[in-house]
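**Q** Before I ask anything, here is the structure I am working with.
The values are calculated or read from the model by the stated rules, or taken from the named source; none is laboratory data. Note that the coordinates shown come from a computational prediction; the quantities given were computed from them, not determined experimentally. A quick note on method: Cβ atoms are made from the backbone with ideal geometry, for glycine too, and the neighbour counts reach across all protein chains shown.
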Amino acid sequence: MPANIRLYDGATDPEDHISRFSSAANLGEWPMHVWCRMFQQTLDGSARGWFKNLPPGSIDGWAELRLQFTTRFLTRRACFKDPTEITKIVRKANETLVTFKERWIVETSFIAGVLEVMKISSFMDAHKCPKLAKRFSDKVPKAVDEMMTRLDDFVRSEEAFASTELKMALLLST
C-alpha cells in the first residue's frame, strides 16, 4: 500500500479518501479487481466495521463499492467553513485535553485555508490549561504536528506525576 494512503476511520470526507486511493491505484496500474481488495486495507474504525458488515455478494465491482462507501459516509463530507471558524473550537468544561485534541483535529479538518500559525494560535488559546500554556509559551511550536506531539508528552507527564503522587499518598497513609 502506498505510504500516502492514510487509514480512513469514517471521520472525514469520504470523497477525499476515494480520490487519494484512486490516484494511488491508477499510478500503480492495479487491475480493477485488486482495487476492491486493497481498498479494505485502507479502512479503520467504523469504516472497517461497515466494510466487514457488507452482505456477501453486495458489491459488484469498484463502482459499486465507491458508491456504497461515499453514500454511507457522505455526512462526513467536508463542509468547508470560513477559516475564522477555527476560533470557535474551544475546550469544554470537564473535557480532557486528549478528548479536546481529538475533537479539535476532526473539526479543523472541515475548515479549509487556515494557516499553520493560525491553527497553532487558536489551539493554544482554546485548550485553557495554564500548565500547558506555560510549557508552550517557553517555546512556541512551529507546526501543528510538533504542537500535538508536545501535547501528548505533556499529558503523559501529567499522568505519570499524578500516579506518583497517588502512590506517595497511599504510602504515607499506611
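**Q** Does Ile105 qualify as being assigned to a helix (DSSP H, G or I), surrounded by 13 or more Cβ atoms within 10 Å (Cβ to Cβ), out of contact with any Ser or Thr (no Cβ under 7 Å at 6 or more places or on another chain) and among the aliphatic types (A, V, I, L, M)? Walk me through it before giving the result.
**A** Values: assigned to a helix (DSSP H, G or I): yes; surrounded by 13 or more Cβ atoms within 10 Å (Cβ to Cβ): yes; out of contact with any Ser or Thr (no Cβ under 7 Å at 6 or more places or on another chain): yes; among the aliphatic types (A, V, I, L, M): yes.
Answer is yes for this residue.
**Q** Among (1) surrounded by 12 or more Cβ atoms within 10 Å (Cβ to Cβ); (2) out of contact with any His (no Cβ under 9 Å at 6 or more places or on another chain), there is one condition Phe73 misses while meeting the rest; what is its number?
**A** The failed condition is (2).
**Q** Any residue at all in the range 52-64 that's surrounded by 15 or more Cβ atoms within 10 Å (Cβ to Cβ) and outside the structural domain of Lys131 (by TED's automatic domain parsing)? Steps first, answer last, please.
**A** First, the residues of the range 52-64 that are surrounded by 15 or more Cβ atoms within 10 Å (Cβ to Cβ): 59, 62.
Still in the running and outside the structural domain of Lys131 (by TED's automatic domain parsing): 59, 62.
Taking every residue of the range 52-64 in turn, at least one turns out to be surrounded by 15 or more Cβ atoms within 10 Å (Cβ to Cβ) and outside the structural domain of Lys131 (by TED's automatic domain parsing).
**Q** Now for a different question. Taking into account only those residues within the range 29-76 that are in contact (Cβ under 8 Å) with a residue 60 or more places away in the chain and assigned to a helix (DSSP H, G or I), which is nearest to Gly10 (Cα to Cα)?
**A** From the range 29-76, those in contact (Cβ under 8 Å) with a residue 60 or more places away in the chain are 73-74, 76; that's our starting set.
Right, trim to assigned to a helix (DSSP H, G or I) and you get 74, 76.
Numbers: Leu74: 9, Arg76: 7 Å.
My answer is Arg76.
**Q** Can I ask one more? Any residue in the range 111-135 that is outside the structural domain of Glu95 (by TED's automatic domain parsing) and within 14 Å of Leu151 (Cα to Cα) sitting within a Cβ distance under 7 Å of a residue that is at pLDDT 90 or above and not aromatic (Phe, Trp, Tyr)? List the pairs, counting only those 6 or more apart or interchain.
**A** Qualifying pairs under 7 Å: none.
**Q** Could you please tell me which pairs satisfy a Cβ distance under 9 Å, a separation of 6+ or placement on different chains, a first residue in the range 149-174 that is more than 14 Å from Val98 (Cβ to Cβ), and a second residue that is loosely packed, with under 10 Cβ neighbours inside 10 Å and at pLDDT 90 or above?
**A** none
**Q** Sticking with this structure for a sec: Specify which of the listed residues (Glu85, Glu64, Glu95) is acidic (Asp, Glu) and farther than 30 Å from Lys131 by Cα. Write out each step before concluding.
**A** Working: Glu85 fails: farther than 30 Å from Lys131 by Cα; Glu95 fails: farther than 30 Å from Lys131 by Cα.
None of the others qualify; the one that does is Glu64.
**Q** Still on this structure: Would you mind telling me which numbered condition in (1) modelled with pLDDT of 90 or more; (2) within 30 Å of Glu159 (Cβ to Cβ); (3) surrounded by fewer than 17 Cβ atoms within 10 Å (Cβ to Cβ) Arg48 fails?
**A** (3)
**Q** If we keep just the residues of the range 77-87 that are under 20 Å from Asp13 (Cβ atoms) and outside any loop (DSSP other than H, G, I, E, B), which is modelled with the lowest pLDDT? I'd like the intermediate steps shown before the answer.
**A** First pass over the range 77-87, keeping only residues under 20 Å from Asp13 (Cβ atoms): 77-83, 85-86.
Those still in the list that are outside any loop (DSSP other than H, G, I, E, B) too: 81, 83, 85-86.
On the way: Lys81: 74, Pro83: 86, Glu85: 87, Ile86: 91.
That would be Lys81.
Conditions (1) of a type in the set (D, E, K, R); (2) closer than 17 Å to Arg6 by Cα, marked per residue:
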position: Gln40; (1), (2): no, yes
position: Asp60; (1), (2): yes, no
position: Ala63; (1), (2): no, no
position: Thr75; (1), (2): no, no
position: Asn94; (1), (2): no, no
position: Phe100; (1), (2): no, no
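**Q** Can you pull out the residues in the range 114-151 that are part of a loop (DSSP other than H, G, I, E, B), exposed (fewer than 12 other Cβ atoms within 10 Å of the Cβ) and of a type outside the set (D, E, K, R)? Step through it out loud before you land on a result.
**A** As a first pass, look at the range 114-151 and keep what is part of a loop (DSSP other than H, G, I, E, B): 114-115, 127-129, 139-143.
Keeping just the survivors that are exposed (fewer than 12 other Cβ atoms within 10 Å of the Cβ) gives 115, 139, 142.
Hit for the range 114-151 is Leu115, nothing else.
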